[in-house]
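To keep things clear, I will list the structure first and then write my remarks on it.
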């Protein structure tokens, strides 16, 4: 029993030592073996590798592109106008040994060391450009001229900046520039509004003039048509009266006298002084 326990202990120790002596490097990674804190082997390729347990320690780094973010930085243009620039860098580890010695393998330390370098390089470039050149110009040109200088400083950290991207350029909210821009935009909008109001008023006057002209034309045509209808009606009435008179002249005279009486006494308080033999009273006499 004691022998079995002893063998089991040795087997476990052997498994532990074997497991401790093996390490794996994945695709996209590079390995490094440290012996008592010093670099024993460097640039270890992907695959299965061995190390001395306890004495040696394996460290792995990502060979793929790393994103080095940074907080937006405030810069001054050539004409001393404030802008906020938001950027980030794409980097890769080209010297794992240098990277480990400079940062202890900590990417955050690498970001802290490289960010001031990048910010100073951008500051030099932006300070030499006007606001219009920075905002509307090519961002690639701003970065290209400074990338070589940035990489010379980045070599001390074992990193190469592959690309530097400017995400956004904006004016600070407390800047006089943005106030001037807003004032200019407001003035432009006021000019556009005034022009539109003037055009609207001109169109309204044109529409009113056309409407007044159409009304005058319609009224004139209506009056013309009314006069024509009245003329036709009067002519027809005259014709009918003429035909009636021709058929019975006595009745026609009687009818005309009744119309004259009706018009003369229409108000009810009319007073007419006539001779008793006046023809106007012809049909009012009792013998008729």
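The values are calculated or read from the model by the stated rules, or taken from the named source; none is laboratory data. All of these numbers come straight from a predicted model, not from anything done at the bench. Note that each Cβ is placed from the backbone with ideal geometry, even for glycine, and that neighbours are counted across all protein chains shown.
Observations on the model:
- Selection status of residue 160, loosely packed, with under 13 Cβ neighbours inside 10 Å and either at pLDDT 85 or above or part of a helix (DSSP H, G or I) (or both): no
- Filter result for residue 145 (outside any helix (DSSP H, G or I) and either surrounded by fewer than 20 Cβ atoms within 10 Å (Cβ to Cβ) or without any contact (Cβ under 8 Å) to a residue 24 or more places away in the chain (or both)): no
- Any pair with Cβ under 8 angstrom, 6 or more apart, that starts in segment 86-110 at a residue that is free of Cβ contacts under 8 Å to residues at least 12 places away in the same chain and ends at one that is in a helix (DSSP H, G or I): 109/102; 109/103
- Residue under evaluation residue 23, criteria (1) surrounded by 14 or more Cβ atoms within 10 Å (Cβ to Cβ); (2) over 21 Å from residue 107 (Cβ atoms), criterion not met: (2)
- Flag if residue 142 is touching a strand residue (DSSP E or B) at 6+ places or on another chain (Cβ under 8 Å), modelled with pLDDT under 80 and under 30 Å from residue 102 (Cα atoms): yes
- Candidates in segment 91-118 are the residues that are touching a helix residue (DSSP H, G or I) at 6+ places or on another chain (Cβ under 8 Å) and part of a strand (DSSP E or B); of these, the one that is farthest from residue 30 (Cα to Cα) is 91.
- In the set (1) within 13 Å of residue 88 (Cα to Cα); (2) outside any helix (DSSP H, G or I), residue 129 fails one condition alone, (1).
- Test set (1) outside any helix (DSSP H, G or I); (2) farther than 19 Å from residue 32 by Cα; (3) in contact with a helix residue (DSSP H, G or I) (Cβ under 8 Å, 6 or more places away or on another chain) - residue 88 fails condition number: (3)
- Entirely in segment 1-70, the strands (runs of 3 or more DSSP E) that have 1 or more residues that are modelled with pLDDT of 75 or more, on the phi > 0 side of the Ramachandran plot and in contact with a helix residue (DSSP H, G or I) (Cβ under 7 Å, 6 or more places away or on another chain): 38-44
- Verdict on residue 245 being assigned to a helix (DSSP H, G or I), modelled with pLDDT under 80, touching a helix residue (DSSP H, G or I) at 6+ places or on another chain (Cβ under 6 Å) and over 30 Å from residue 100 (Cα atoms): yes
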